[in-house]
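Student: To start, I am sharing the structure in question, which I have written as structure tokens.
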Amino acid sequence: MSTVQSAVPPGDSPAVCQYCDEPFPTEDRLTLHKGLNHWPDLTEAERTDFHDARANERDALGSFRLRALACIVAVYFVFLFLYAIYAI
């Protein structure tokens, strides 16, 4: 059992885990939860859904990391050019 409590915004209908009755804001989060915490109990279709959701999450995280790196590099060069202009 996880010690992290999930929060669902008020007014939304949560996706509820059939194994532990924990609510999740989206079906993707529920699928990832079931794959990580209830693997032995899953059917083959649920395991396939978990692998697909994990691949999508990995792609999204990789994209976020590239965008974050680009922002950091841009901020670095902005400060470098500002220093070069105003330090002289």
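Student: Express the accessible area of the chain per residue in Å², computed with a 1.4 Å probe while the remaining protein chains stay in the model.
Tutor: Numbers: 7020 Å² over 88 residues.
Roughly 80 Å² per residue, with all protein chains present.
Student: How much of the accessible area of region 15-86, probe 1.4 Å, is carbon plus sulfur, in whole percent?
Tutor: Carbon and sulfur together cover 64 percent of it.
Student: A follow-up question, please. State the percent of C-alpha pairs, over all pairs in region 2-88, separated by a distance greater than 19 angstrom. Each step should come with its number before you reach the end.
Tutor: Working: 2171 of 3741 pairs.
When every Cα pair of region 2-88 is considered, 58 percent fall beyond 19 Å.
Student: I've got another one for you. For region 79-88, take each phi angle, set θ = phi - 60°, evaluate the Karplus expression 6.51 cos²θ - 1.76 cosθ + 1.60, and give the result in whole Hz per residue in order, putting x for glycine and proline.
Tutor: 5, 5, 5, 5, 5, 5, 6, 8, 7, 8
Student: Could you state how much accessible area C20 has, in square angstrom rounded to the nearest 10, with a 1.4 Å probe and all protein chains kept in place?
Tutor: 30
Student: For I88 paired with C20, estimate the spin-label separation in nm (one decimal), with each label point 7 Å from Cα along the Cα-to-Cβ line.
Tutor: The modelled label-to-label distance comes out at 6.0 nm.
Student: Using a 1.4 Å probe, how large is the accessible area of R58, given in Å² and rounded to the nearest 10?
Tutor: 150
Student: Rank V73, A53, A87 by how far each Cα sits towards the positive end of the charge dipole of the chain (+1 on Lys, Arg Cβ; -1 on Asp, Glu Cβ) and give me just the farthest.
Tutor: In the chain, that residue is A87.
Student: Amide H neighbours of T26 under 5 Å, at least 5 residues apart or on other chains, H built in the peptide plane: list them.
Tutor: A15
Student: On the full set of protein chains, 1.4 Å probe, figure out the accessible area of H33 and give it in Å² to the nearest 10.
Tutor: Estimated to the nearest 10 Å², H33 gives 20 Å².
Student: Can you show me the helix-derived [θ] at 222 nm for the chain, built from DSSP H runs with n ≥ 4 at -39,500 (n - 2.57) apiece and divided by the number of residues, rounded to the nearest 500.
Tutor: -22000 deg cm²/dmol
The values are calculated or read from the model by the stated rules, or taken from the named source; none is laboratory data. Everything quoted here is computed from the prediction, not taken from an experiment. Please note: Cβ atoms are built from the backbone with ideal geometry, for glycine as well, and neighbour counts cover all protein chains shown. For accessibility, only protein heavy atoms count, side chains too; no ligands or nucleic acids. Shrake-Rupley method; radii C 1.70, N 1.55, O 1.52, S 1.80 Å.
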